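**Student:** Quick one: the structure is below, and I'll ask about it shortly.
The values are calculated or read from the model by the stated rules, or taken from the named source; none is laboratory data. Just so we're clear, the structure is a prediction, and the values are computed from it rather than from any experiment. Glycine also receives a Cβ, built like all others from the backbone with ideal geometry; neighbour counts cover every protein chain displayed. Areas reflect the complete protein model, heavy atoms only, side chains present, ligands, DNA and RNA absent. Shrake-Rupley method; radii C 1.70, N 1.55, O 1.52, S 1.80 Å.
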Amino acid sequence: MEIKYLSKLGKNKKIGSETIRGVSEAVISQVEHNLKIKFPVAYKEFLWLGGEYSGALPLMDTADIETIASDWHQEMMLEEMKSTGTVIERPFWLFAESNGCEVFLFFYLDENTEDPDVYYTAYALEDRKRDIKPYGASFSQYISDAVDDALKFEKEDN
């Protein structure tokens, strides 16, 4: 796969003792087919580079495609959203989550871009509902920031 957006991740596959592991283009295509969605190019690059195991990248608790694309994980996300009254009215893809989808990072699938903006759910102050907030960066910039953070943490630990 040609890397257009995630060159920093491609150049930093190993951070400390952790090495990212990707999935094949065939696996990516199969997930898209099974879920009847089309991933943006930047996310496909992430999957190809680190979609099996994201190594030292600080990506919440879960970011691997096998878990996130599983039926049980999709059901857990929808149940969590239902129980908190969280509504996302556009098609989206959760790419990393924590605490059983209590909080998660996602991008919209209808942005018609190869490198979509990242959004996240955050705890609302007044009730259980989650606020939807823009992260303020594209997916590739989010991953670049995660690489920088992982490298910084590694340097501080040594």
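**Student:** Please compute the net charge surrounding residue 109, taking Lys and Arg as +1 and Asp and Glu as -1 over other residues with Cβ under 14 Å from its Cβ.
**Tutor:** Counting the neighbours of residue 109, the net charge comes to -3.
**Student:** Quick one: which residues, 5+ away or cross-chain, put their amide H under 5 Å from the amide H of residue 103? H built at 1.01 Å from N.
**Tutor:** Amide H neighbours of residue 103: 98.
**Student:** So, one more: Which percent of the Cα-Cα distances in the stretch 62-142 go past 18 Å?
**Tutor:** Result: 39 percent of Cα pairs exceed 18 Å.
**Student:** Within the stretch 61-81, name every residue whose backbone N is under 18 Å away from a label modeled 7 Å from Cα of residue 128 along the Cβ vector.
**Tutor:** Taking a point 7 Å out along Cα→Cβ of residue 128, the residues of the stretch 61-81 whose backbone N falls under 18 Å are 75-81.
**Student:** On to the next question. Rounded, prolate or oblate, given the Cα gyration tensor of the stretch 97-150, with a/c below 1.5 counting as rounded?
**Tutor:** oblate
**Student:** Still on this structure, please answer the following. Given a 1.4 Å probe and the protein chains all in place, what does the accessible area of residue 140 round to, in Å² to the nearest 10?
**Tutor:** Result for residue 140: roughly 20 Å² accessible.
**Student:** Mind checking which lysines have their Cα closer than 25 Å to the Cα of residue 152? Skip sequence neighbours fewer than 8 apart in that chain.
**Tutor:** Answer for residue 152, where 25 Å is the Cα cut-off: 4, 8, 11, 13, 14, listed by chain and number.
**Student:** Rounded to a whole number of µm²/s, how large is the Stokes-Einstein D of the chain at 4 °C and 1.567 mPa s, given Rh as the Kirkwood radius over C-alpha pairs?
**Tutor:** So the translational diffusion coefficient is about 80 µm²/s.
**Student:** Applying the Karplus parametrisation 6.51 cos²θ - 1.76 cosθ + 1.60 with θ = phi - 60° to the phi angles of the stretch 2-12, what ³J(HN,Hα) value in whole Hz is obtained for each residue in order, glycine and proline being reported as x?
**Tutor:** Whole-Hz 3J(HN,Hα) from phi for the stretch 2-12: 6, 9, 9, 10, 10, 4, 5, 5, x, 7, 10.
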